[in-house]
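For reference, the structure discussed in these notes is given below.
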Amino acid sequence: MKNESTASAKANLLVGYFDGMKDGYATGWAYTPANIKEPVTIEIICKNEVVGAGVANLYREDLQLAGIGNGLHLFRIKLSYELCDNGVHFVSARDAKTGSALKGGLHSTGRMARTREFALMSRAEGTVLLKEMLTFDQYIFL
């Protein structure tokens with residue numbers, strides 16, 4: 001029984017590093033040594049909310065040269081517009097499948113601000129609106 005759980009733990013072992021933030025993107029690398037051909041899906045987290053997600057499947061030469069998998073383990077994930085409120089936010093990265101945190105810890109987004117020609121709603125406002133739309137019991141068809 002112990003060997004099965006050890007084998008399972010090794011199969012899910014996540015190796016990687018959250019490098020940091022640049023120009024509204026989170027970057028780093030991640031892979032599972034037991035299955036280098038299956039890219040890892042990474043989530044970027046701020047205050048227990050997912051503010052970005054993407055796959056670690058881009059090529060990074062230094063990884064391959066260092067013998068880290070096949071080098072196709074880089075992630076570059078666009079951050080949610082919600083972080084563009086000119087405030088400083090701290091984010092971390094984790095494996096979406098297992099919830100395992102990447103090494104590298106918290107990184108500051110710095111002050112990000114974007115101007116738009118139209119108003120945006122927050123995630124909370126959008127969730128409320130979506131729930132209202134999904135529970136609407138009368139539909140109008142033209």
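Structure notes:
- Label-point separation in nm, GLU125 to ASN35, each point 7 Å along Cα→Cβ: 4.0 nm
- According to the Kirkwood relation over distinct C-alpha pairs, the hydrodynamic radius of region 10-106 is 13.4 Å.
- Counting protein heavy atoms only, region 25-103 has 51 percent of its accessible area on carbon and sulfur, 1.4 angstrom probe.
- Surface exposure of region 14-94, expressed per residue as accessible area with a 1.4 Å probe, stands at 51 Å².
The values are calculated or read from the model by the stated rules, or taken from the named source; none is laboratory data. Note that the structure is predicted; figures quoted are calculated from it, not measured. Quick reminder, even Gly has a Cβ in these numbers, built from the backbone with ideal geometry, and neighbours come from all protein chains shown. Accessible surface is based on the protein model in full, side chains and every heavy atom, while ligands, DNA and RNA are left aside. Shrake-Rupley method; radii C 1.70, N 1.55, O 1.52, S 1.80 Å.
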